[in-house]
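Written below as structure tokens is the structure these notes are about.
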Amino acid sequence: MENDSSSFEDRLRINQKPSNAIIDPDSDDEESYEYCGICQSMSPRYQCPRCNVQYCSLKCYKDEKHAECTEKFYKALVLDEVNSNRPLPSENNQAFLQRLRALEQDNDGLLDEDDEGDEDDDAETDLERRFADLDVENADVQALWSRLSPEEQQNFMQLVSSDDSRLPEILGKYDPWWETPMQLVNEIDAPSHPAHVPPLPKELPDFKRMSQHSPSLPLLLNLLHSVMVYTHMQRHTLGGLQDSDLLQDNIAYFGKLSGDVLCSNARQFVFHNLKDVAIHFTSCVETPDKGGSHPYTLGMQLIKEAMSIFEQPMYLKATMADLFAFTVSASKAPVRNKSTRNSRIRTMHKVNFYLAAALEISDPWKHEYDGLKQEIRDDAAVSLQYLADELSSMGKLQEAAKYYRQNMP
């Protein structure tokens, strides 16, 4: 039996991981088949880990022909969940009781309103005294942090790591520029590039001069991964992606998010569908389950947002242009060694290449990419349905496990 402390969702993801196996169409594997083992009409893209049948889509995976296999799979997960839910160890119970006693003592020792008012005044005086000799507006973050007491630091961390409704009031509300609807009809004197949209560089890269090949599905999946990196970082920094005070932190987080794609020495990281892109991205995000949401939920949000930008050519170009501007700033930032500088310059050129790809496929007169763009739309629909069904299955399995625990003799 695996470690009981692992969550049911974690075990589900571990057990289901093989079902995400992708079949490489260029593979020489003798076991690969020409047609889907379910519908017998499309080329297979996935392989079931239990019966090894190769199938083309989520619809075929859930087909009645494959029902026996999927039912056994879910039954095994339910039983595993039932058997793994044992009483908490005694030391956890003791820790809970100690916290409960501490809370009771705090309640018993509450002061009356007058005393509380006096304490608040004393606290404000103490805070002013600690920061009296510091230029708060221009001070280093570490200097500010060191002036806080351990309790104040803990309270701050709890506030920013929760879905506290006061956060927008404290930090300010951020409205992403790409959520502003594009005007379908513009006035005659209106500028061709809206003011709220990041500007394009004066010299635009030419994709056909940079590559002998036309944009492909793997390239577009990497492009959409880059869009996810941009939108997430803009939300993460409240629009401060290129803020000079945040630049070093942003460079580090950017490297974490896109270490396999834009910051990699490899020419191209191969994704097979948007589901893979989203799940890979959520594994790199800091606190992906923030607020109790499941990584698959975040994955669905990422796909929807990336596709909304993809469907608006100007927004797609502006997104990659702004990300390119960030990498230009990063390439000029102070570094400790030459290899870091070269790595950042290489990343900048890579982003410029994907900017060129965005410009190429966004050209309304180039209809040769219509089929490729439709393939991306179809893949997005299948990927979203897959993640939604997986989340639904997890919920149903938890309900089934709860029922069995309550009714088993």
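Only one of these conditions is not met by Leu204: (1) closer than 26 Å to Leu274 by Cα; (2) in contact (Cβ under 8 Å) with a residue 60 or more places away in the chain. Which number is it?
(1)
Is it true that Lys373 is of a type outside the set (Asp, Glu) and modelled with pLDDT of 90 or more? Step through it out loud before you land on a result.
Numbers: of a type outside the set (Asp, Glu): yes; modelled with pLDDT of 90 or more: yes.
Criteria met by Lys373.
When you scan the stretch 350-358, do you find a residue that is in the same structural domain as Ser216 (by TED's automatic domain parsing), free of Cβ contacts under 8 Å to residues at least 24 places away in the same chain, in a helix (DSSP H, G or I) and not hydrophobic (A, V, I, L, M, F, W, C), even just one?
The answer is no, given that none of the residues of the stretch 350-358 is in the same structural domain as Ser216 (by TED's automatic domain parsing), free of Cβ contacts under 8 Å to residues at least 24 places away in the same chain, in a helix (DSSP H, G or I) and not hydrophobic (A, V, I, L, M, F, W, C).
Quick grid of which residues meet (1) within 28 Å of Asp245 (Cβ to Cβ); (2) part of a helix (DSSP H, G or I); (3) among the acidic types (Asp, Glu); (4) in the same structural domain as Ala252 (by TED's automatic domain parsing):
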| residue | (1), (2), (3), (4) |
| --- | --- |
| Gly299 | no, yes, no, yes |
| Leu302 | yes, yes, no, yes |
| Glu305 | yes, yes, yes, yes |
| Ile309 | yes, yes, no, yes |
| Tyr315 | yes, yes, no, yes |
| Phe326 | yes, yes, no, yes |
| Ala330 | yes, yes, no, yes |
| Pro334 | yes, no, no, yes |
| Ser339 | yes, yes, no, yes |
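Just to be sure I understand the filter: pairs with C-beta atoms under 9 Å, separated by 6 or more residues or on different chains, first member in the stretch 252-268 and closer than 14 Å to Phe324 by Cα, second member of a type in the set (Lys, Arg) and assigned to a helix (DSSP H, G or I). Which pairs pass?
Listed by first residue and then by second, the contacts come to Leu262/Lys350; Cys263/Lys256; Cys263/Arg344; Cys263/Arg346; Cys263/Lys350.
Considering only the stretch 307-338, state which residues are among the hydrophobic types (A, V, I, L, M, F, W, C), within 17 Å of Pro181 (Cβ to Cβ) and buried (at least 17 other Cβ atoms within 10 Å of the Cβ). Step through it out loud before you land on a result.
From the stretch 307-338, those among the hydrophobic types (A, V, I, L, M, F, W, C) are 307, 309-310, 314, 316, 318, 320-321, 323-326, 328, 330, 333, 335; that's our starting set.
Next, from what is left, pick out any that are within 17 Å of Pro181 (Cβ to Cβ): 307, 309-310, 314, 316, 318.
Within the stretch 307-338, Met307, Ile309, Phe310, Leu316, Ala318 qualify.
Please determine whether any residue of the stretch 363-377 is within 21 Å of the chain's Cα centre (by Cα) and in contact (Cβ under 8 Å) with a residue 60 or more places away in the chain.
Step one: filter the stretch 363-377 for residues within 21 Å of the chain's Cα centre (by Cα), giving 376-377.
Now narrow it down to the ones that are in contact (Cβ under 8 Å) with a residue 60 or more places away in the chain: 376-377.
Yes - at least one qualifying residue is present in the stretch 363-377.
Considering only the stretch 29-48, state which residues are modelled with pLDDT under 80 and closer than 20 Å to Val382 by Cα.
The answer is Arg45, Tyr46, Gln47, Cys48.
Would you point out which residue out of Tyr354, Tyr296 is modelled with pLDDT of 95 or more and surrounded by 16 or more Cβ atoms within 10 Å (Cβ to Cβ)?
Numbers: Tyr296 fails: modelled with pLDDT of 95 or more.
Sole residue among the options that is modelled with pLDDT of 95 or more and surrounded by 16 or more Cβ atoms within 10 Å (Cβ to Cβ): Tyr354.
Which one is modelled with the lowest pLDDT among residues in the stretch 207-259 that are under 19 Å from the mean Cα position of the chain (by Cα) and hydroxyl-bearing (Ser, Thr, Tyr)?
Here the answer is Thr237.
The values are calculated or read from the model by the stated rules, or taken from the named source; none is laboratory data. Keep in mind that what you see is a predicted model, and the values were worked out from it rather than measured. All Cβ positions, even for glycine, are placed from backbone atoms using ideal geometry, and neighbour counts span all protein chains on display.
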